[in-house]
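No lab work stands behind these numbers, since they all come straight from the coordinates. The structure displayed is predicted, hence computed values, not measured ones. Reconstructed Cβ throughout: ideal geometry from the backbone, glycine too, with neighbour counts over all protein chains shown.
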Amino acid sequence: MKRLLSIVHNRAVVRASELYEFGAHPDQLRKAVNQGLLHKIGRGLYTCEDFILDFEHQIILACARIPQGVVCLKSALEWHGILPPDSRQIWMALNGRAKKPVVDGLNLRFVRFSGNSFTQGVVNTKIDGVPVRIYSAAKTIADCLKYRRKIGRRLAARLLSESISGKKCSEQRLRHFAKICRVNKLVRVAYSSARMSAAPMVQEKSS
């Protein structure tokens, strides 16, 4: 039982199948849950008793319960530190043909990507030892431009402007994903405008 609990504490969220690989028995899991030492948060998913459902842990749960999905849009930007974290809702991308999952206990908002728009720009990382899939900053900014009606046009425009002035991502990567998301014209115009605005300042300094 001590070994079982130590594994869960180190992983934050763990699947029953993983615990079985370490020698745990189903009866031990039921006993730990009945004693309040573990919490069952979904089919075959367990957490420790002091699990706090903050922003990062919501991402963990979303990725654990929907392994085929990818954290996207506002939630991805929040994870990258571009927007302040908000645990009230997690945005996830699904493959265009995937069946929409039913997940109790989590406030998820789904969008559908397809082809390279779904497969490219995925960052495979871990939070508290749990594998999660999140789109990169450059990919997410391009996605926000594409889905600007869903997240708000003003926010999408601000993200693009700040990504250029604040160098949230490289121009090369943003242009690459903008082409995939079919918003390359918006990005091209934004970079051209930024360079034109900066040009008089450069001339003034040189004079």
Under the Karplus curve 6.51 cos²θ - 1.76 cosθ + 1.60, θ = phi - 60°, whole-Hz ³J(HN,Hα) for segment 66-73, x wherever Gly or Pro sits: 10, x, 7, x, 9, 5, 9, 6
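Tell me the mean residue ellipticity at 222 nm calculated for the chain from its helices only (DSSP H runs of n ≥ 4, each -39500 (n - 2.57), averaged over every residue, nearest 500).
-15000 deg cm²/dmol
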Nearest 10 degrees, 0 to 90: helix 171-180 Cα axis against the chain principal axis: 70
Dipole magnitude of the chain, debye to nearest 20 (Cβ charges: Lys/Arg +1, Asp/Glu -1, about Cα centre): 1140
Spin-label model distance (nm) - Glu49 vs His25, 7 Å beyond Cα toward Cβ: 2.2
Compute the convex hull volume of the Cα atoms of the chain, divide it by the residue count, and report the result per residue in Å³ as a whole number. 139
Could you pull out the pairs from Lys74/Lys150; Lys126/Lys146; Lys40/Lys99 whose alpha carbons sit more than 19 Å apart here? Lys126/Lys146; Lys40/Lys99
What ³J(HN,Hα) values, in whole Hz, does the Karplus curve 6.51 cos²θ - 1.76 cosθ + 1.60 give for segment 121-128 when θ = phi - 60°, with x put for Gly and Pro? x, 7, 9, 8, 9, 9, 10, 6
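Whats the longest run of the chain with zero trypsin sites (Lys or Arg not before Pro) that are DSSP loop and have at most 13 other Cβ atoms within 10 Å? Kindly include the intermediate steps, with their values, before the conclusion.
Values: sites that count: Arg43, Arg88, Arg97, Lys99, Lys167, Arg182.
The longest uninterrupted stretch comes out as 100-166.
Return a whole-number percent for the relative contact order of the chain, with Cα pairs under 8 Å and 6 or more residues apart as the contact set.
Values: 264 pairs, mean separation 32.1, N = 207.
Here the relative contact order equals 16 percent.
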Amide H contacts of Arg112 (H built 1.01 Å from N, under 5 Å, at least 5 apart or other chain): Leu94
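In a shell of Cβ-Cβ distance under 12 Å around Ile164, excluding Ile164 itself, what net charge do Lys and Arg (+1) and Asp and Glu (-1) give? Can you show the working numbers first?
Working: positive: Arg158, Lys167, Lys168, Arg175, Arg188, Arg195; negative: Glu162, Glu171.
Once positives and negatives cancel, what remains is +4.
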What is the set of long-range amide H partners of Leu83 at a cut-off below 5 Å, with H atoms built 1.01 Å from backbone N? Glu78
